[in-house]
Amino acid sequence: MLFLAIAGDWLQGPYVYYLYSQYGFGKGEIGQLFIAGFGSSMLFGTIVGSLADKQGRKRACVTYCLTYILSCITKHSPQYRILMLGRILGGIATSLLFSAFESWLIAEHNKRGFEQQWLSVTFSKAIFLGNGLIAILSGLFGNVLVHSLDLGAVAPFDAASCFLALGMIIILSSWTENYGDPSENKDLLTQFRGAAVAIASDEKIALLGAIQSLFEGSMYTFVFLWTPALSPKNEEIPHGFIFATFMLASMLGSSLASRLLARASLRVENYMQIVFVVSAASLVLPIVTSFLVEPSQVKGGSISFSGCIQLVGFCVFEACVGIFWPSIMKMRSQYIPEEARSTIMNFFRIPLNVFVCVVLYNVDAFPISVMFGMCSIFLFVASILQRRLLVIVEKLKIESRPSFREKDAEMEPLNA
């Protein structure tokens, strides 16, 4: 079922910017529409996350499907206000997608008494299939709808609505309900305070939130920037096929992550430092090409040589995204307390959405290369914070080991 929900999301991805441009909106106006989505996720995300913990994660997943279907319907209107409403609904749905489903899965996993190591396998397979295979098929299917069948840029959104409706039926008929804290009937304000205290009192949770915000903020900025970066002169680029290529790279990354997570001797906190550095380097390519490759002066045409070079870097970045998702899920399952999981995860999205909104608000003020440079800097900072998290975890691990004196004290009764 999760794959149907993800398919409903991935079908839309390659064509959001393209659809808005087909309606005649410029980069600045499209940026404002994207801001509405991220701003909505920031404002309402924490609330819906808390409601998911309080009212039930299954209900939250159903709400995701309904909200996203309504968002897809608004794409039929070229009116700016209607599209803005759709972006607000989409922002709420995104918050639910990235919190409610994962929270339901972890709670259900623990309730049924499965081994914790199986979570790593589940996360890796979910990313491999959902963010990989399903995303590739969604991109190709969208390309068929828009270009081969010539059904227009809104066709993928209609197809997404169908997948979301089917997914909602499966949730209602086969899922059981679970909650964040069944022992207490907490109000929203109490949940907010509990989540804030958990973040402030545990440096591991705070670092994890900062790392997630920096990486996902760069990722969502990339989602907006890749289309104008590859077609600066309105080149005709195959959005669906390029998106499918990105998702293939992401699938390869998630496959590598599953192998890394399966190695008990290798800590997630260790290899993720390298992943963040590589992702930072991959987004430097647009800056390098702007200096070394002379831009094309011809309007239209196919993708340029500079665009091809950037495309390689973007695929490397997507491979890092594929490694990131199962790895961050594993760390969240280790460090975030179950009773307020959805609330805390949506707290993490507040700085993420602020960052993306600020970048998109100034999208007309700076060249695209500067925007990619900012993303690269934030990814490098994420690698530094990941190093700090590793140091804390290693320190706690050493402190938890019994000293030689404690071991001797335990052995004395046996020797006697």
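Brief remarks follow.
- Rg/Rh ratio calculated on Cα atoms of region 141-235 (Kirkwood radius): 1.15
- Applying both filters, DSSP loop and at most 13 other Cβ atoms within 10 Å, to the GluC sites (Glu not before Pro) of region 47-138 gives GLU115.
- Rounded to 10°, Cα long-axis angle of helix 80-97 versus longest principal axis of the chain: 20
- Using just its DSSP H runs of length 4 or more, each adding -39500 (n - 2.57), the chain gives a mean residue ellipticity at 222 nm of -26000 deg cm²/dmol after division by all residues.
- Per-pair calculated FRET efficiency, R0 = 60 Å: LEU137 and ARG193 via Cβ, rounded to 0.05: 0.90
- Of the whole protein surface, HIS109 contributes about 10 Å² of accessible area at a 1.4 Å probe radius.
- With N the number of residues in region 221-277, Rg(Cα) / (2.2 N^0.38 Å) evaluates to 1.56.
- Taken as Cα centroids, region 233-259 and region 67-131 sit 20 Å apart, rounded to the nearest whole angstrom.
- Taking 0.36 nm per residue of separation and subtracting the Cα-Cα distance, full extension of the segment from ARG263 to VAL278 would add 3.3 nm.
- Semi-axis lengths (Å, descending) of the ellipsoid that matches the C-alpha gyration tensor of region 1-176: 29, 19, 13
- Solvent exposure of region 1-176, expressed per residue, is 40 Å² of accessible area, with all protein chains present and a 1.4 angstrom probe.
- Working note: Cα gyration tensor of the chain, eigenvalues times five, square-rooted, sorted largest first, giving semi-axes of 38, 26, 19 Å.
- Within the accessible surface of the chain, defined with a 1.4 Å probe on protein heavy atoms only, the carbon and sulfur portion equals 65 percent.
- Our estimate of slack between VAL391 and LYS233, defined as 0.36 nm per intervening residue step minus the Cα-Cα distance, is 52.2 nm.
- Net length available on complete extension from LYS111 to VAL293 is 59.9 nm, with 0.36 nm assigned per residue and the Cα-Cα distance removed.
- Net dipole in debye of the chain [+1 Lys, Arg Cβ; -1 Asp, Glu Cβ; about Cα centre; nearest 20]: 40
The values are calculated or read from the model by the stated rules, or taken from the named source; none is laboratory data. What you see is a predicted model, and the numbers here were worked out from it, not measured in a lab. Ideal geometry is used to build each Cβ from the backbone, glycine not excepted, and the neighbour counts take in all protein chains shown. Side chains are part of the model used for accessible areas, which takes the heavy atoms of the whole protein and leaves out ligands, DNA and RNA. Shrake-Rupley method; radii C 1.70, N 1.55, O 1.52, S 1.80 Å.
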